[in-house]
Amino acid sequence: MRIIIYTGKGGVGKTSVSAATARRLAAKGYRTLAMSTDAAHSLSDSLDVNIGGSVKTIEKNLDALEIDIIYEMETRWKDIEEYVKMFMVSQGMEELSAKEMAILPGMELIAALFHVLDYEKRGTYDVIVVDTAPTAETLRLLSFPDVSQWYMTRLYGLFKKLIGLARFTIGRFLDFPLPSASVLKSLEDMNVKMGEVRNILQDPTRTTIRMVVNPERMVINETKRAYSYICLYGMTVECLIVNRMLPDGAGTGFFAEKLEEQKKYMEMIHHAFDPMKMFFAYLIPTEMMGSEKLDEMAAMMFGDSDPGVIYATESPMRFYTEGEHHFISLKLPFAAKGDIELYRTHDTSLIVQVGSHKRNIELPLVLKDSELMGAEMKDETLKIKFRRKEKDVQ
Ligand SMILES: Nc1ncnc2c1ncn2[C@@H]1O[C@H](COP(=O)(O)OP(=O)(O)O)[C@@H](O)[C@H]1O
Ligand SMILES: [Mg+2]
């Protein structure tokens, strides 16, 4: 099973491109799921069918799902929901309903990731096409497995310790309820699952990102930043879809001017992203909705070709050893040197921060306790240097 995640700024055409791709994949014989993680779902509108929170078959080989977080909370996370409720009440806060908890940020992302895992295990689909919320939200999706695992491992350890103590000593004095064994088990399961999700997301033969852009300055700038952050999170950007292009000879006056401007922006796009594989879709006079229009879009983008092909599989992160040093190289396109910071935490992880985005990189065992010597930025790649431990150097 492979996962194709479309990202991009709001309104660039992610939902349309996702729906068009999913339809084409289904037509090519892939068992396909189009899944929306954007709380403001518009996949239903795009496909012109009412989808909803459970999987709906649209046509042969094509299913669709719009993650409904309230439904997910009620069906999947009973234990955790109960605990959070209990916790809130013990803190003198009003009890939260599933509905209210559902507005906690990131919830539909976790739900989506767990769906992906289920389908992977069951082998239900050949391809899952993920239609996401605008960039910032999606970056959270990508960072989630790292971040949550980091927290969960520590939280879980703390709970376990507290529970060991509390039963005999301080139980009555704790001013919050300790999670029950079943909640603890749920947390542990969630943690294990997140680890599995991370392995899927960071494996470029299984998961790739496709960025959708428009020939407009602000959109291009956001896409460049997103590219850098996606690499930071260890995921592979596979291709770029340039949507909403004005067709050549679009007319006179206003449109002629727009077309001139577009030329400039197309140059910017090529300058920034060549030699990445690119696909192009023109602005059509009507809205991109319903099967006919979506198939027209798929034809503009892919011609007759198969969009299930993986266009690039280069992982942005690599570990290697040279002489007395170990290195981690991390591709960070468009990241300025001054925006990058590195922190070594006391345990086996390294935090790389680019602007406001942080990634917690779990270091391979050989790097545990090896001295971090520094880092340099060259050819858009951050090269982090560690001294090999004496005993490892022959
Ligand atoms: N190539 C196109 N030509 C005409 N309309 C388009 C095109 N691509 C997208 N649209 C329209 O633009 C709007 C935003 O597209 P959508 O796919 O919902 O973007 P996003 O999911 O990125 O917010 C929708 O009304 C859609 O029908
Ligand atoms: Mg959308």
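Would you check if Ala40 is under 27 Å from Tyr282 (Cβ atoms) and either touching a Cys at 6+ places or on another chain (Cβ under 9 Å) or more than 16 Å from ligand 1 (Cβ to nearest atom) (or both)? Spelling it out, it is not the case that Ala40 is under 27 Å from Tyr282 (Cβ atoms) and either touching a Cys at 6+ places or on another chain (Cβ under 9 Å) or more than 16 Å from ligand 1 (Cβ to nearest atom) (or both). For the stretch 282-297, indicate whether the set of residues that are within 16 Å of ligand 2 (Cβ to nearest atom), acidic (Asp, Glu) and under 24 Å from Val130 (Cβ atoms) is non-empty. So far as the stretch 282-297 goes, yes, one or more of its residues are within 16 Å of ligand 2 (Cβ to nearest atom), acidic (Asp, Glu) and under 24 Å from Val130 (Cβ atoms). Within this structure, Val212 fails the test of being assigned by TED's automatic domain parsing to the domain that holds Phe279, in contact (Cβ under 8 Å) with a residue 40 or more places away in the chain and in a helix (DSSP H, G or I).
Scan the stretch 1-40 residue by residue and report those that are within 8 Å of ligand 2 (Cβ to nearest atom), of a type outside the set (Gly, Ala, Ser) and either surrounded by fewer than 24 Cβ atoms within 10 Å (Cβ to Cβ) or at pLDDT below 95 (or both). Of everything in the stretch 1-40, just one residue is within 8 Å of ligand 2 (Cβ to nearest atom), of a type outside the set (Gly, Ala, Ser) and either surrounded by fewer than 24 Cβ atoms within 10 Å (Cβ to Cβ) or at pLDDT below 95 (or both), namely Asp38.
Table: residues versus (1) crowded, with 18+ Cβ neighbours inside 10 Å; (2) part of a loop (DSSP other than H, G, I, E, B); (3) modelled with pLDDT under 95.
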residue: Gly234; (1), (2), (3): yes, yes, yes
residue: Leu240; (1), (2), (3): yes, no, no
residue: Asp248; (1), (2), (3): no, yes, yes
residue: Gly251; (1), (2), (3): no, yes, yes
residue: Met288; (1), (2), (3): yes, yes, yes
residue: Met301; (1), (2), (3): yes, no, no
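When you go through (1) assigned to a loop (DSSP other than H, G, I, E, B); (2) over 29 Å from Arg2 (Cβ atoms) one by one for Ser305, which number turns out not to apply? Going through the list (1) assigned to a loop (DSSP other than H, G, I, E, B); (2) over 29 Å from Arg2 (Cβ atoms), Ser305 breaks only (2). Inside the stretch 1-18, can you point out the residues that are of a type in the set (A, V, I, L, M) and more than 8 Å from ligand 1 (Cβ to nearest atom)? Listed by number, the residues that qualify are Met1, Ile3, Ile4, Ile5.
The values are calculated or read from the model by the stated rules, or taken from the named source; none is laboratory data. Small disclaimer: the values here were computed from a predicted structure and weren't measured. Please note: Cβ atoms are built from the backbone with ideal geometry, for glycine as well, and neighbour counts cover all protein chains shown.
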